[in-house]
Amino acid sequence: MNDTEYDNRVDAIFLQIEEALDALDETELDIDYESAEGILTLIFTNGSKIIMNKQPPLHQIWVATKYNGHHFNLEGEQWIDERSGAEFWQFIDEATSKQAETPVKLSQA
């Protein structure tokens with residue numbers, strides 16, 4: 001994967017998350033977000049955050065939750081956590097749900 005493909009793939013993931021969070025605004029669940037310079041920060045009503053950022057030199061996505069940090073590598077067509085083996089979308093749904101203290105689905109159905 002070259003740098004352009006990496007940027008396009010991660011930008012698409014971040015955009016999908018932003019769109020899913022925007023759709024949540026129509027529900028009772030409120031998760032704010034800020035996006036700038038390759039960093040996407042989810043801000044929960046309880047004050048906790050999930051911070052996702054690009055790591056272009058490594059072609060990774062780094063995710064910091066209230067509980068720990070994760071580094072995701074593209075394996076085939078899936079982003080996989082190099083430590084736990086978790087798939088990105090499953091992980092982000094679980095992490096977001098845990099910090100929101102209610103079920104949240106940011107992945108596509």
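The values are calculated or read from the model by the stated rules, or taken from the named source; none is laboratory data. Predicted model, so just to flag it, every value in this text is computed and none were measured. In this analysis, Cβ positions are derived from the backbone assuming ideal geometry, glycine residues included, and neighbour counts consider all displayed protein chains. Ligands, DNA and RNA are stripped out before the accessible areas are found, and what is left, the full protein with its side chains, is counted by its heavy atoms. Shrake-Rupley method; radii C 1.70, N 1.55, O 1.52, S 1.80 Å.
Considering only Glu87, Glu19, Glu75, the Gaussian network model of the chain with Cα springs below 10 Å gives its largest mean-square fluctuation to Glu75. Shown here for the stretch 31-109: trypsin sites (Lys or Arg not before Pro) in loop regions (DSSP other than H, G, I, E, B) with at most 15 other Cβ atoms within 10 Å, namely Lys66, Arg83, Lys105.
Ligands, DNA and RNA are left out, and with a 1.4 angstrom probe the accessible area of the chain is 58 Å² per residue.
When a 1.4 Å probe is rolled over the protein heavy atoms, the share of accessible surface on the chain that falls to carbon and sulfur comes to 47 percent. Seen against the Cα atoms of the chain and their longest principal axis, helix 88-100 is set at about 30 degrees. Rounded to the nearest Hz, the phi-derived 3J(HN,Hα) couplings of the stretch 79-85 under the Karplus curve 6.51 cos²θ - 1.76 cosθ + 1.60 (θ = phi - 60°) are 8, 10, 5, 5, 8, 9, x, where x marks glycine and proline.
Which value at 222 nm does the chain reach when only helices count, each DSSP H run of 4 or more adding -39,500 (n - 2.57), with the total divided by all residues and rounded to the nearest 500 deg cm²/dmol? Please report the intermediate quantities before stating the final value.
Numbers: 2 runs with 35 residues, N = 109.
Helix-only estimate at 222 nm: -11000 deg cm²/dmol.
Build a GNM of the chain with springs between Cα atoms under 10 Å: which of Gly76, Gly85, Gly38 gets the top mean-square fluctuation? Top of the fluctuation ranking is Gly76. Rounded, prolate or oblate for the stretch 14-58? Axes are the square roots of the Cα gyration tensor eigenvalues, ordered a ≥ b ≥ c, and the cut-off for rounded is a/c under 1.5. In terms of gyration-tensor shape, oblate. Oblate is the label for the stretch 67-109. Its Cα gyration tensor axes, ordered a ≥ b ≥ c, give a/c of at least 1.5 and b/c at or above a/b.
What percent do you get for the relative contact order of the chain when only Cα pairs under 8 Å and 6+ apart count?
18
Each residue of the stretch 9-19 was assigned a 3J(HN,Hα) from its phi angle through the Karplus curve 6.51 cos²θ - 1.76 cosθ + 1.60 (θ = phi - 60°); the sequence is 5, 6, 4, 5, 5, 4, 5, 4, 5, 4, 5 Hz, with glycine and proline shown as x. Rounded, prolate or oblate: which fits the stretch 36-82, taking a ≥ b ≥ c as square roots of the Cα gyration tensor eigenvalues, rounded meaning a/c under 1.5, else prolate when a/b beats b/c? Prolate, because a/c is 1.5 or more and a/b exceeds b/c.
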